[in-house]
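Notes follow once the structure below has been shown.
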Amino acid sequence: MEDRPHKPHRPAQSGSKAEKKGKGKEKAHGFNEKAFAPKSGRRADRQGRRKVEKDQTRLHVPLVNRTPDDEPPPVIVAIVGPPGVGKTTLLKSLVRRYTKQTLNEAKGPITVVSGKKRRLTFIESNTDLNSMIDIGKVADLVLLMIDGSFGFEMETFEFLNILQSHGFPKVIGVLTHLDLIKKAATLRASKKALKKRFWTEIYQGAKLFYLSGVLNGRYPDTEILNLSRFISVMKFRPLVFRNTHPYVLADRLEDLTSRELIRTTSGKCDRTVTVYGYVRGTNLRQGMKVHIPGVGDLDMKSVTKLGDPCPLPDADSEKRRKLSEKKKLLVHAPMSDVGGVVYDKDAVYINVPGSFTRGNGDVPQGEGEQMVTDLQDAGRTLDDAVAQSQIRLFGSSSRHLALEDVHMDGVESSDSGLDDDEEGEESEDGSELGSDEELDEEEGDAEVDMEKLRSDPRNTGRTTLRDVSRNIPSSSKKQREEIDFAESDSDLGDEDAEDFGVSKRARFGDEDEDVDIPSDDVGSDLDDEDGAEWNPSSSNLPHRRRRRKDWMKLIYSTSLTPEQILSHGGESEAEKVNQDEGDDDDFFRIKKKDDLSRGEELDKTKEALKEQDLKQWEDDDMLESIRHLFITGESNLEETGAEVDENGEPYEEEGGDFEDLEAPDESPEAGPSSSRDDTETIRAANLAAKKEALKRRFDEEYDDPEASKLDFYDEKKEEMARQLQLNKAEFEGVDEESRALVEGFRPGAYVRIELADVPCEMVEHFDPTYPIVVGGLLPAEERFGYVQVRIKRHRWFTKTLKTNDPLIFSLGWRRFQTVPIYSLDDHSIRMRMLKYTPEHMHCYATFYGPASLPNTGFCAFNSLSGNTAGFRVSATGVVLDIDRSVKIVKKLKLTGVPFKIFKNTAFVKDMFSSALEVAKFEGANIRTVSGIRGQVKKALAKPDGAFRATFEDKALMSDIIFLRAWYSIQPRKFYNPVTSLLLSNKSAWTGMRLTGQVRHAEGLKTPLNVNSTYKKIERPHRRFNPLVIPKKLQAELPYASKPKLMKPQQKQTYLQKRAVVMEPEEKKAVALLQQMRALRKDQVARRKEKKEGKRIVHQKKVDKEEAKKAEKEKEKKKEHMRIAGQKSKRQADLEEGRSSKRRKT
């Protein structure tokens, strides 16, 4: 054993050990694979191409994002899924995550603030197909919920196909009910299969979240936190249709119709309705026609911009946030029960949980509930309590507070002194308490008592609005921008008290005395808090309106002196009344009659010239100052110092400068020299700017290396950014009202839209779980006509679509039913009608409906009912160009038979019924069954409809003659909008039905036309005469072409009739052969019999084995079915209580 040689050690060449050792050696030698180029040139080329392809897949067609960046509208997050999948639970969990509030009942849009620059509007979609279509058109982000324990369902695939037609937004998948899967391996396999299918439908790498179970009615906080973080950082790309149409997702609806009109008409009258919501898409202009899906086209009576009920956080709100913890997070959900406040269609309900009666003392009460119950025991009012109290405002006060009779104006000023910001913060959830009608009633009641209060001598309060403006006594002191409010009186100090009561002063002309100038911004900043009422001299200040004066109107539209304008003394009573009527916060005023004693003013298109206005043109200095502006004044350019080029020509600026020559000089000392200096300065600045622009353009073209590197994508993005900057600069100095008149209300504005002539059923059957989308219509979309689209039947829809069968289209904002005609382009010659849509191929469809822009996607349905079995999306497609021809033709075959035949001419009958019809078809091509072509010539006198026709060859009496023509058809003018929101049961809308469906519902039989039944066709056998060639022609033919015709054989030949006599040897040989054949035949028969016996024995053995095998299979199948039954029984026990009525794909 010891003398045997040992085997040498062979190190491992492969496997984990070799890899470990190899890595160690590479590290020891300092090998870095990233520091070296690929060893293969082909591989390097492949890697380079792959990198370029990845870069190109990132790029997309640049689109202009019309949403403003400063205040964008809230992002619409739609939660979609089949019933019982957990949509409401997810909605409540997300709202709880953002607002720390728990919703008892989530209905309608719910807007929350998710960050510094982003708000989210959550909306839950029910399983009605109409709701899924509407939400698919407006949603920016879709949370697609899938039951992980069940799989994909039909509603999920239908909604994805709707999204593909109307512009695909961002989609995030959410898997729920994963806690029902107990085994880890099964859970892993289910997640993998569902993710693969989800990626197939969306795109590879689509985000999919997993929600395990439900804790305390919500999903786990960590999982919701991960989902909310992903939502908050998601970027959205503008979609084409939404980027060209304004729309509003209504979060509140009110009926403004007169109650008396509703009562007299029993509710069956058109209503005036207001809807509230954020503008999205593009600008919403006044007078634009709108469409509400499910209701129809409506006219906007007015559009008003309101304060944002759910504003983005700013510096001011952040300060308030520190003071009040209740205003930490904001939620705006008028249709839900946020904070116990529920908005109905015409009222506001405050839900008070529990009992607030004094007898219920067993229930523990909080501080707020205790206050409510204490108010029930109040024996006297607050006025009486204050009047009998001994409250002193300051410790050094000699008298206590006393309650006096206060004039109504004073009450109004103290009560209504809140600013708009404070009014918007009255409720914690940001909602507005009360409606417009309630405010009008209150104002009406207050107006009734005005005269009584004024005539009462005891009312000694102020009769004008108080002015609480603070002004500076001199220019040396800096005006304070805000008012400091303190918790105590001593915090403000004595310095602030000295500033009150001091006003601005101005001096006019040569007067020696100064004139008091009241502040133009009266009460704009001081009414924000209640502390403003404690100003020392607030009772002595004049009572002004809480709005700025219109300086433009006062200066240019009146003939007042500057002293009257600044002292408010020149306003006429009519102007004051107009201002009172324009202010929404004041009472209604009785409109006074116009003063008819004034002289009638003449209707003039030009203002009359006054003689004193023309005297200024006699001043030589003034004429000399403008001489260089004319052609005759060029010689003085260089003397005045104006800019000239090398030719002595004056430079021409873009746009020039404007000089108001008619305006009087402010100071006589300035004279024409000062205006000339200003003109020269402006001209020099314009020239410098022009030179700078030319230099920049030259540098971009020749010197700037970075500009030459811009590709098409970057160039387009830079161009769009430049255009947006120009648009922003154009409207920078324009106020909000003028800008709204010019360009409409921008996206992000919270508006109130008043709609007239709304069907009463919309208000009566209003359901907040169904979304209300107010979509703006472009001018081209208001007209109706024939629309041509490219359509394809969906591959999952089982039935073939037939021409002139009603189909429901979802096109643009509208949903309507129409009857399309399908056609195909026949070699670019004609549009040939198709009776049915082709299989797996696009075709054209033409129908009557609203005009839409080209490339607008649509989807079609045969029925919107939820009871329809199978896939409901029947077809998808896009709108084609508007200028395409809509002339559709179908094939028409006319048949006739000849009744008289000549050499190449025949008389044909039974094709037309009159000579007039023949005249229309003169020159038409005809053809016989045997393929002989011909032409229609002239009509015959008798019989009616017969005509003469010529053919290439002689026609036969048995031939049938065809005339193939094309007949033009037009689609039926049928347009039936889907008015699902006008029904009490929104999913029960039914449009026009097929004839077969009507007969089935009515129990009618299909009428039978005798001429339309198929009959057995019996065609007699035709006998043709033989071809006869004249003998004279046969003699001239060559031999190969001569007919070789032989008579049939009459006699037997020699070989047939001769007798055969065999020799004796031949007879012996024939007998021997016969014997050998007989033996062979017998041998074969015996062998076959023996083989058959063996086969029968073998078959019996095989049958016996098969019987045993079948018995074993039967036992095995029984055992398998027993185990499967037990498994299904356990599964049914686990799923007890869940809905089993589901449609599985």
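The values are calculated or read from the model by the stated rules, or taken from the named source; none is laboratory data. Because the structure is predicted, anything quoted here is derived from the model rather than measured. Positions of Cβ are generated from backbone atoms using ideal geometry, with glycine treated the same way; all protein chains shown enter the neighbour counts. Heads up: the accessible areas ignore ligands, DNA and RNA and are worked out on the full protein's heavy atoms, side chains in. Shrake-Rupley method; radii C 1.70, N 1.55, O 1.52, S 1.80 Å.
Quick look at the numbers
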{"quantity": "Ratio of Rg to Rh over the range 75-233 (Cα coordinates, Kirkwood Rh, two decimals)", "calculated": "0.94"}
{"quantity": "Simple label model, 7 Å out from Cα along Cβ direction - residue 1092 to residue 893, nm", "calculated": "5.9 nm"}
{"quantity": "Members of 792/1015; 54/716; 207/235; 117/170; 887/920; 87/191 lying beyond 25 Å, as alpha-carbon distances in this model show", "calculated": "792/1015"}
{"quantity": "Spacing of the two label points (7 Å from each Cα toward its C-beta) at residue 1047 and residue 70, in nm", "calculated": "12.0 nm"}
{"quantity": "DSSP-defined antiparallel bridges as percent of all bridges, the range 75-233, nearest 5", "calculated": "25 percent"}
{"quantity": "FRET E, pair residue 826, residue 1024, Förster distance 45 Å, beta-carbon r, rounded to 0.05", "calculated": "0.70"}
{"quantity": "Relative packing of peptides 617-630, 833-846 - highest average C-beta neighbours within 10 Å first", "calculated": "833-846, 617-630"}
{"quantity": "Order of exposure, largest accessible area first, which applies to 1120, 794 with probe 1.4 Å", "calculated": "1120, 794"}
{"quantity": "Cα pair distances of the range 812-904 binned at 5 Å [whole percent]", "calculated": "2, 9, 17, 19, 16, 11, 6, 5, 4, 3, 2, 3, 2, 0"}
{"quantity": "Extended-chain gain in nm, criterion 0.36 nm per residue less alpha-carbon gap, residue 268 and residue 725", "calculated": "159.4 nm"}
{"quantity": "Area accessible to solvent at residue 853, 1.4 Å probe radius, in Å²", "calculated": "60 Å²"}
{"quantity": "For the range 983-1110: rounded, prolate or oblate by the Cα gyration tensor [a/c cutoff 1.5]", "calculated": "oblate"}
{"quantity": "Difference of contour (0.36 nm per residue) and Cα-Cα distance, residue 855 to residue 183", "calculated": "237.0 nm"}
{"quantity": "Amide hydrogen neighbours beyond the local backbone of residue 875, cut-off 5 Å, H modeled", "calculated": "794, 860"}
{"quantity": "Entries of 835/890; 835/893; 137/717 with Cα pairs more than 19 Å apart", "calculated": "137/717"}
{"quantity": "³J(HN,Hα) computed for each position of the range 910-927 - Karplus, 6.51 cos²θ - 1.76 cosθ + 1.60, integer Hz, glycine/proline x", "calculated": "6, 9, 10, 9, 8, 5, 5, 5, 5, 4, 5, 9, 5, x, 6, 7, 10, 7"}
{"quantity": "Virtual spin-label span in nm between residue 1002 and residue 1084, 7 Å along Cα→Cβ", "calculated": "7.7 nm"}
{"quantity": "Segments 1022-1031, 290-299 sorted - mean Cβ within 10 Å per residue, highest first", "calculated": "290-299, 1022-1031"}
{"quantity": "Extension reserve of the residue 1013-residue 1074 stretch, reckoned as 0.36 nm per residue once the Cα distance is removed", "calculated": "15.2 nm"}
{"quantity": "Residues residue 206 and residue 1105, FRET efficiency given R0 of 56 Å [Cβ-Cβ distance, rounded to 0.05]", "calculated": "0.50"}
{"quantity": "Cut-off 18 Å, label 7 Å out along Cα→Cβ of residue 1062, residues of the range 1068-1086 by amide N", "calculated": "1068-1080"}
